[in-house]
Amino acid sequence: FKSFYPVEKSIGQVVLFKGCSGELFDHAALSDSIRLLNACGYNVVLPDDSSCCGAIKLRQGDAQGQRTLEHETTRSLEPWLADSQAIVVLNNSCAGQLREYGQLSENEESSQKIIAEKTISKKTRDIVAFLFETLKTSNVQFAPLDETVLLHISCSLKNVLKEVDLLAHLLERIPEIRLKKLNDQFCCGAAGSYMLSYPDVANRLLDDKIEDVVQQEGQLIVSSNLGCTLHFKQGLEKRGKTIEVIHPVRLLARQLIKDPFIEESKSP
């Protein structure tokens, strides 16, 4: 990946925060996020030295480890804050963590550091929410999709970001798509590193989700939480199911038929 993806006639600039999960596990979703943001008219900055947001450290009770990672992330994002309208985050769990930046630093560090962290908090947007708002006023168009798509609403999307319905509203921009929501009463079991620390319990929680997938006869599952996506994939593979699990940006990019700003940049 490069670090800057411009369009010829931009309407602004955003920073795309990939985090450690996007860097390691979903390069395709990163590429598709850049394509969609460019199509909406935004120059995209992808910081080379992007760090872990610290969410997993905090979930494990390591507050000091989380603060260290918060400082590292702040250093990587700070140069771009003034010129960027938003920090767009690929993984909704990371978005929830970045929104909390600065809350623990009132008596620490310099005032400049506190300001930077709180600016990050204010500018952070989950990519689902950001695209939902941006596409309202864009000329981007999507091809019809005659498929049933199952929506996984992660705990971070539901309980932290409180943006339960936006995923469905965003994907409704694809004509003819049929959307069904998986039961979101309980966690799927991924829960950050929980699926690694307590695999037996995590897999029992996932079994209910997999059964719901089978009952609803979906052809595709979308989830904006990369940890949940990985957990679903291994659970489906174990059950012998070949249902694809992808980030919503990947589905949108597949159906994208008009990139107005990108097409302009290619004009003579």
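The values are calculated or read from the model by the stated rules, or taken from the named source; none is laboratory data. Owing to the predicted nature of the structure, the values given are computational and were not obtained by experimental measurement. Positions of Cβ are backbone-derived with ideal geometry, glycine not excepted, and every protein chain shown enters the neighbour counts. Protein only, heavy atoms only, side chains kept; ligands, DNA and RNA dropped before computing areas. Shrake-Rupley method; radii C 1.70, N 1.55, O 1.52, S 1.80 Å.
Some notes on this structure:
Listed here are the residues, each with its yes/no results for (1) farther than 25 Å from LYS162 by Cα; (2) within 14 Å of the chain's Cα centre (by Cα); (3) modelled with pLDDT under 80.
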{"position": "LYS57", "(1), (2), (3)": "no, no, no"}
{"position": "GLN66", "(1), (2), (3)": "no, no, no"}
{"position": "ARG75", "(1), (2), (3)": "yes, no, no"}
{"position": "TYR101", "(1), (2), (3)": "no, no, no"}
{"position": "SER110", "(1), (2), (3)": "yes, no, yes"}
{"position": "ILE120", "(1), (2), (3)": "no, no, no"}
{"position": "ILE127", "(1), (2), (3)": "no, yes, no"}
{"position": "LEU131", "(1), (2), (3)": "no, yes, no"}
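- Where a residue in the range 58-74 is under 12 Å from GLU100 (Cβ atoms) and in contact (Cβ under 8 Å) with a residue 12 or more places away in the chain and its partner, wherever it lies, is of a type in the set (A, V, I, L, M) and part of a helix (DSSP H, G or I), with Cβ under 6 Å and at least six apart: GLN66/LEU58
- The number of residues in the range 165-186 that are part of a loop (DSSP other than H, G, I, E, B) and open to solvent by 40 Å² or more (accessible area, probe 1.4 Å) comes to 8.
- Filter pass, LYS158 being under 28 Å from GLY41 (Cα atoms), open to solvent by 50 Å² or more (accessible area, probe 1.4 Å) and at pLDDT below 95: no
- Evaluation of LEU30 against the conditions (1) free of Cβ contacts under 8 Å to residues at least 24 places away in the same chain; (2) in contact with a Lys or Arg (Cβ under 6 Å, 6 or more places away or on another chain) shows that the sole unmet condition is (1).
- Conditions (1) assigned to a loop (DSSP other than H, G, I, E, B); (2) open to solvent by 10 Å² or more (accessible area, probe 1.4 Å): number failed by PHE130: (1)
- Residue in the range 27-35 that is over 25 Å from GLY102 (Cβ atoms), modelled with pLDDT of 95 or more, open to solvent by 70 Å² or more (accessible area, probe 1.4 Å) and in contact with a helix residue (DSSP H, G or I) (Cβ under 7 Å, 6 or more places away or on another chain) present: yes
- Scanning the range 36-68 for residues that are open to solvent by less than 20 Å² (accessible area, probe 1.4 Å) and farther than 25 Å from ILE114 by Cβ turns up LEU36, LEU37, ASN38, ALA39, CYS40, GLY41, VAL44, LEU46.
- Residue match in the range 4-18 (condition: more than 24 Å from GLU70 (Cα to Cα), hydroxyl-bearing (Ser, Thr, Tyr), modelled with pLDDT of 80 or more and part of a loop (DSSP other than H, G, I, E, B)): yes
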